[in-house]
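Heads up: the structure comes next, in structure tokens.
The values are calculated or read from the model by the stated rules, or taken from the named source; none is laboratory data. These numbers come from a predicted model, not from an experiment. Methodologically, a virtual Cβ is constructed for each residue, glycine included, from the backbone with ideal geometry; neighbour enumeration extends over all protein chains shown. Each accessible area value is taken on the protein alone, full model and side chains, heavy atoms only, with ligands, DNA and RNA left out. Shrake-Rupley method; radii C 1.70, N 1.55, O 1.52, S 1.80 Å.
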Amino acid sequence: MTGYIIRRLIALLLVMLAVSAIVFFLMNAVPGGPFSLGERGYTPDALANLERKYGLDKPVTERYINFLISAVQLDFGNSFAVAGSPPVTAVILRTWPVTLHIGLYTIIVSFGFGLVMGTFAAYHRNSWVDNLITFLATLGITLPNFIIATFLLIIFGFQAGWGEDQKRWIIGPLIPGGSAILSWDYFLPVITYALAPLALVARYTRSSVSDALGADYVRTARAKGLSDFTIMFRHVLRNAAIPMVTVLLPQIPNLLTGSLFIEVVYGIPGLGKFFVTSIFNRDYPMIMGLVLLVAFFWGITYLITDILYTLIDPRVRL
Amino acid sequence: MEANPTVPPTRLTPPTAPVVRRTLLGDAIRRFRRNRLAMVGLVILIAFLLVGVLADVISPYRYDQVFFTKRASMLPLVDPTHPLGLDNSSRDYLSRLIYGARTSLTVGMLVPLIAFAIGMPLGMLSGFRGGWVDFTIQRLVDIATAIPPLLFALFLLSVVGSGVGNVIFVLAITTWIEPLRLTRAQFLAYREKEFVTAARALGASDWQIVFNHILPNVLSPLLVAFTFAIPLAIFAEAGLSFLGIGITEPTASWGKMVGSGIGNTIRVYYHLALFPTLLVALTVLGFSFVGDGLQEALDPNRSN
């Protein structure tokens with residue numbers, strides 16, 4: 001097991017190395033740069049000075065090697081585009097907690113409700129409850145979240161005046177000056193964000209639980225006279241969890257790195273918007289930081305998924 | 001011993017009803033047609049497809065025609081010559097919605113088509129061959145999944161520029177992993193089945209095994225995945241256009257219309273965002289219904 005994890009972590013490092021090389025050389029091969037874009041009107045001298053200041057006058061290979069050396073020490077350089085050019089790590093540390101909060105609540109809401117709804121639908125298969133839940137789950141994946149976000153904002157933010165209410169229920173920040181742990185501000189974004197994964201979780205739970213309910217071991221358990229409760233929790237859910245883990249766990253890195261659309265519509269000061277602005281601004285250090293963050297996160301999630309298999313299903317060996 | 005009187009004597013005569021020849025495909029079609037939701041979805045999709053194809057004929061105006069008349073209003077049902085009013089740039093809104101169907105469906109169909117054309121052969125190769133081919137392709141997949149798709153799409157779009165063709169290309173480039181994974185998993189599962197071993201024992205070549213024996217079995221989950229990939233492509237186009245980097249003006253796209261409808265005027269002219277929203281929702285709903293129907297029709301084990 002330990003050997004397996006170490007091998008996987010080495011593989012993850014190699015993937016991150018490959019990804020960083022591909023992205024670094026691709027973005028530098030594209031015509032234009034952070035200071036030549038748009039109508040900034042730099043004179044050739046000023047441009048040359050700026051490029052020298054940010055080290056952009058050196059050959060790409062040398063810059064990549066320098067980047068790697070500092071990236072190993074978790075220093076991704078200073079942002080070109082964010083005001084005051086703070087270090088990329090500082091920008092991520094400042095904005096990611098906001099996104100993380102929304103992502104965590106979204107996971108709790110979508111996985112919690114989705115699992116319960118899916119199990120319930122599978123247990124009462126083909127009844128009106130099942131049809132209602134299936135219908136709701138289909139609706140949840142029918143609308144892009146930026147559209148849902150906009151309409152919720154119009155209905156609750158403008159019409160009901162939630163945006164202007166100053167006396168909101170807030171649990172203060174853990175760190176002084178940090179973002180609040182829990183407040184009404186999270187309500188609309190989380191609801192919006194949770195709908196699609198909730199629908200997905202409910203659908204997959206329903207199908208894998210109803211597959212498991214039809215299995216022979218469930219009939220055996222019934223014949224032994226076990227209670228419905230025992231059958232559900234000891235036999236069905238445990239077996240149904242195997243296919244669910246494959247599909248549902250990879251949703252988590254997406255949810256935790258944030259949705260750009262939701263952050264744009266609700267004006268959330270999170271990490272998501274940098275996925276767009278950094279590309280538009282050719283903010284090379286920021287792009288690299290984000291890409292490596294996401295790559296790391298994905299790799300770790302897949303590793304955890306594979307380890308979870310062995311815990312849920314003793315037949316699986318790594 | 002006397003025969004049991006309750007058994008009718010005619011029991012052993014052959015049925016008089018004509019023998020229906022049952023084929024796998026015929027069964028699937030019958031199951032699909034019995035599924036009411038799937039048929040509703042199919043009708044919606046055919047209607048939208050017709051609207052998209054016949055946009056030039058049925059649309060009252062062209063999508064880029066600008067009107068500077070006194071009577072023109074952005075509100076619907078005011079001016080009978082423009083039943084849904086005009087948009088922010090004084091173009092007939094109904095015409096733009098009609099042409100938007102063409103854009104959305106073109107993107108929705110072509111993106112998965114290209115993505116499957118890339119992903120399926122690689123997945124077949126990877127799953128059937130195994131060994132170093134599989135290893136290489138899987139490492140490629142590892143790298144491709146590690147790059148955030150939206151970031152990559154934005155990056156590519158900033159390089160190749162916006163427009164329908166480029167959006168299709170970029171979305172296909174960022175979505176070929178899923179068909180690859182699915183095809184590989186299916187081929188891995190079928191490679192070791194008895195009928196494949198039997199075919200091999202009979203001297204079938206690799207090509208025959210892949211195309212005559214495994215592929216027909218694998219097609220139905222792939223078809224279902226294809227149906228579900230279409231709404232995702234429509235979403236992605238709508239999202240990119242919403243951000244203002246997908247489809248360029250003056251081409252009409254539902255996603256772009258939502259994006260521009262969401263501006264400052266939304267409290268008064270909310271229909272500008274509402275109508276395309278409903279159309280996107282209906283299209284996606286149609287594809288999900290058809291996808292669910294296909295899944296149940298093609299996989300008899302799943303049906304109740």
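Note on chain A: GNM, Cα springs under 10 Å; of A:190, A:72, A:88, the largest mean-square fluctuation is that of A:72. Calculated FRET efficiency, residue B:90 to residue B:54, Cβ-Cβ distance, R0 = 35 Å: about 0.90 to the nearest 0.05.
Where does the charge balance sit around residue B:103 when Lys and Arg score +1, Asp and Glu -1, over other residues with C-beta under 11 Å from its C-beta? Within the 11 Å Cβ shell, the charges total +2.
In nm, what is the difference between 0.36 nm times the number of residues separating residue A:135 and residue A:227 and their Cα-Cα distance? Don't skip to the answer; put the middle values down first.
Numbers: separation 92, 0.36 × 92 = 33.12 nm, distance 2.98 nm.
Taking 0.36 nm per residue and subtracting the Cα distance, the gain is 30.1 nm.
Between the helical axis of B:177-191 and the longest alpha-carbon principal axis of chain B there is an angle of about 0 degrees. Under a cut-off of 19 Å between alpha-carbon atoms, report the aspartates and glutamates in cross-link reach of residue A:53, not counting same-chain residues fewer than 8 places apart. Answer for residue A:53, where 19 Å is the Cα cut-off: A:45, A:62, A:75, A:283, listed by chain and number. The residue among A:246, A:118, A:221 whose Cα reaches farthest toward the positive pole of the charge dipole of chain A, with charges on the beta-carbon of Lys, Arg, Asp and Glu, is A:221. Rounded to the nearest 10 degrees, the angle from helix A:2-29 to the longest Cα principal axis of chain A is 40 degrees.
Think of the protein assembly as shown as having a plus end and a minus end, set by charges on the Cβ of Lys, Arg, Asp and Glu; of B:43, A:141, B:28, B:28 sits farthest toward the positive end of this dipole. Each label point was placed 7 Å from the Cα along the Cα-to-Cβ direction; for residue A:280 and residue A:70 their separation is 2.6 nm. Counted residue by residue at 0.36 nm each, then reduced by the alpha carbon distance between them, the extension gain from residue B:133 to residue B:118 reaches 3.8 nm. Each Lys and Arg adds +1 at its Cβ and each Asp and Glu adds -1 at its Cβ; summed about the Cα centre, chain A shows a dipole of about 880 debye.
Apply the a/c threshold of 1.5 to the C-alpha gyration tensor of the range B:183-269 and tell me whether it is rounded, prolate or oblate. Verdict is prolate for the range B:183-269. Heavy-atom accessible area with a 1.4 Å probe sorts A:292, B:110, largest first, into B:110, A:292. Dipole magnitude for the range B:51-297: about 240 debye, using +1 per Lys or Arg Cβ and -1 per Asp or Glu Cβ, origin at the Cα centre.
Among A:131, A:239, A:281, the largest mean-square fluctuation in a Gaussian network model of chain A, built with springs joining Cα atoms closer than 10 Å, belongs to A:131.
Summing charges over all other residues whose Cβ lies under 12 Å from the Cβ of residue A:222, with Lys and Arg as +1 and Asp and Glu as -1, gives 0. Ordering B:98, B:109, B:171 by the projection of their Cα atoms onto the charge dipole of the range B:88-176, which places +1 on the Cβ of Lys and Arg and -1 on the Cβ of Asp and Glu, puts B:98 at the extreme positive end. Here the peptides A:206-214, B:56-64, B:44-52 are ranked by packing, the mean other Cβ count within 10 Å, and the order with the highest first is A:206-214, B:44-52, B:56-64. Within chain B, which is the longest segment that contains none of the GluC sites (Glu not before Pro) sitting in a DSSP loop with at most 14 other Cβ atoms within 10 Å? The longest such stretch corresponds to B:3-191.
Based on Cα atoms of the range B:51-297, Rg over Rh with Rh as the Kirkwood radius reads 1.11.
Under a GNM of chain A (C-alpha, springs under 10 Å), which listed residue has the highest mean-square fluctuation: A:33, A:140, A:270? For chain A, modelled as a Gaussian network with Cα springs under 10 Å, the answer is A:33.
Working from Cα positions, state the angle (0 to 90°, nearest 10) between the long axis of helix A:44-53 and the longest principal axis of chain A. Once rounded, one gets 60 degrees. FRET efficiency for the pair residue A:21 and residue A:156, taken as 1/(1 + (r/R0)^6) with r the Cβ-Cβ distance and R0 = 51 Å, rounds to 0.65.
Across chain B, the mean sequence separation of Cα contacts (distance under 8 Å, 6 or more residues apart), normalised by length, yields a relative contact order of 24 percent.
For the segment B:147-158, counting C-beta atoms of other chains within 10 Å of every residue's C-beta and taking the mean gives 6. One equal scatterer on each Cα of the protein assembly as shown, no solvent, Debye formula: the resulting log10 I(q)/I(0) at q = 0.09, 0.11, 0.12 Å⁻¹ is -0.87, -1.29, -1.50.
Oblate is the label for chain A, because the ratio a/c of its alpha-carbon gyration tensor axes (a ≥ b ≥ c) is 1.5 or higher and a/b is not greater than b/c. The charge dipole of the range A:94-283, taken about its Cα centre with unit charges on the Cβ of Lys, Arg, Asp and Glu (plus for the first two, minus for the last two), comes to roughly 480 debye. Relative contact order of chain A, taken over Cα pairs closer than 8 Å and 6 or more residues apart, is 27 percent. Note on surface exposure: A:232, B:74, A:1 rank A:1, B:74, A:232 by accessible area, highest first, 1.4 Å probe. Charge tally around residue A:100: other residues with Cβ under 13 Å, Lys/Arg +1 each, Asp/Glu -1 each, net 0.
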